[in-house]
1. Which ones in the stretch 217-238 are in contact (Cβ under 8 Å) with a residue 24 or more places away in the chain and more than 18 Å from residue 268 (Cβ to Cβ)?
2. Within the stretch 186-197, take every residue that is part of a helix (DSSP H, G or I) and touching a residue at least 40 places away in the same chain (Cβ under 8 Å) and give me the one that is farthest from ligand 2 (Cβ to nearest atom).
3. Mind listing whichever residues of the stretch 41-62 are within 16 Å of ligand 1 (Cβ to nearest atom), open to solvent by less than 50 Å² (accessible area, probe 1.4 Å) and either touching a strand residue (DSSP E or B) at 6+ places or on another chain (Cβ under 6 Å) or of a type in the set (Val, Ile, Thr) (or both)?
4. Is one or more of the residues making up the stretch 85-100 open to solvent by 10 Å² or more (accessible area, probe 1.4 Å) and assigned to a helix (DSSP H, G or I)?
5. Are any of the residues in the stretch 18-30 in contact (Cβ under 8 Å) with a residue 12 or more places away in the chain and within 16 Å of ligand 1 (Cβ to nearest atom)?
6. Quick test for you: out of 262, 183, 215, pick the one residue that is in a strand (DSSP E or B), touching a helix residue (DSSP H, G or I) at 6+ places or on another chain (Cβ under 6 Å) and not charged (D, E, K, R).
7. Within the stretch 1-40, track down each residue that is at pLDDT 95 or above, open to solvent by 40 Å² or more (accessible area, probe 1.4 Å), touching an Asp or Glu at 6+ places or on another chain (Cβ under 8 Å) and away from ligand 2 (no atom under 16 Å from the Cβ).
8. How do the pairs read when you match residues in the stretch 252-264 that are not assigned by TED's automatic domain parsing to the domain that holds residue 205 with residues anywhere that are open to solvent by less than 20 Å² (accessible area, probe 1.4 Å) and part of a helix (DSSP H, G or I), using Cβ under 6 Å and keeping only pairs 6 or more apart or on different chains?
Amino acid sequence: MKLRIAIQKSGRLNEESMKLLKECGIDLGNGINKLKAEADNFPIEVFFLRDDDIPQYVEDNVADIGIVGENVLLEKDKKVKLIKKLGFGKCRLSIAVPKEQNYKGIKSLNGKKIATSYPVILQNYLKKEKVKAEIHEISGSVEIAPGIGLADAICDLVSSGSTLFMNGLKETETILKSEAVLIGNNKLSKAKQEILNKLLFRIDSLRAAKNNKYILLNAPNNKLKEICALLPGMKSPTILPLVEEGWSSVHSVVNENMFWDIIEKLKAKGAQGILVVPIEKMIL
Ligand code: PRT
Ligand code: ZN
């Protein structure tokens, strides 16, 4: 029994999807070809597909799970479930208009023509905003549509914004924030669900590790209590005596988000020789 996962064959999500599997300890070294790959150390089979086709394959039970952008998941609107956000492939789906256009809010799009590869998401958005505009679906190079007179505005994915800038467009509304997500068939067998749980456990360990840092520092013993209060650690910090009398070494784990804040407080309490080390995997 193998869990079948569909990932993008080539494109922006391919590399990160492969990296994720690799970091989960899945070795696709042998038996990799253009269409699929099998791991010999984990019960998984990888299918390489166009991202647009992945939700359908997962709904049809050709693949059990898949990795796609949330934008593709919402646009295709298939009967699949969102299992987990993966934190890469981040972008936004935005409306943009020629920069010289006098744009006064979403209502300015009434009666206008908008070019997009995301007609479903855009239609839902316009409906919610009670705007009546004509949607012109095109499959690529959406950003050139206003320049060639095909549309008055576009709705497309943006990450750095340089494509819009180079085409003389300005971003006016963000209608969706997207990242890569793991999707799954609605009726996975018990055996497949068990393999999926193992995979999810590994993904969670990786993500927890990325969000945390291992920290080591020297602290004067009379400040240990206050310093430890700043460092909750996984259970509690480890304290080891230093050879130098009156000092200890404190080891703990801190969350990336609170990191700089904590470092400043630690220094203020007299901590010295602070070392911060990345964590590879973290089993909670
Ligand atoms: O061949 P296949 O159909 O599988 O691939 P594709 O060409 O449809 O998709 P691909 O590889 O371009 O993108 C796959 C997924 O990556 C998308 O569905 C998004 O979820 C995600 N992603 C993240 C992006 C971007 N960032 C992105 N910047 N997808 C596309 N872009 C394009 C955008 O369309 C525009 O042309 O990049 C340009 C804008 O980038 P900036 O940096 O100039 O703003
Ligand atoms: Zn595509």
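1. 234
2. If we take residues in the stretch 186-197 being part of a helix (DSSP H, G or I) and touching a residue at least 40 places away in the same chain (Cβ under 8 Å), then 191 is farthest from ligand 2 (Cβ to nearest atom).
3. The answer is 46, 47, 49, 51, 54, 55, 58.
4. No: the stretch 85-100 contains no residue that is open to solvent by 10 Å² or more (accessible area, probe 1.4 Å) and assigned to a helix (DSSP H, G or I).
5. Taking every residue of the stretch 18-30 in turn, at least one turns out to be in contact (Cβ under 8 Å) with a residue 12 or more places away in the chain and within 16 Å of ligand 1 (Cβ to nearest atom).
6. None of the others qualify; the one that does is 183.
7. If the condition is that a residue be at pLDDT 95 or above, open to solvent by 40 Å² or more (accessible area, probe 1.4 Å), touching an Asp or Glu at 6+ places or on another chain (Cβ under 8 Å) and away from ligand 2 (no atom under 16 Å from the Cβ), then 2, 4 are the ones that fit.
8. 254/262
The values are calculated or read from the model by the stated rules, or taken from the named source; none is laboratory data. Quantities reported herein were computed from a predicted structural model and do not represent experimental measurements. Neighbour counts run over all protein chains shown; Cβ positions are idealised from the backbone, glycine included. Ligands, DNA and RNA are excluded from the accessible area calculation, which covers all protein heavy atoms including side chains. Shrake-Rupley method; radii C 1.70, N 1.55, O 1.52, S 1.80 Å.
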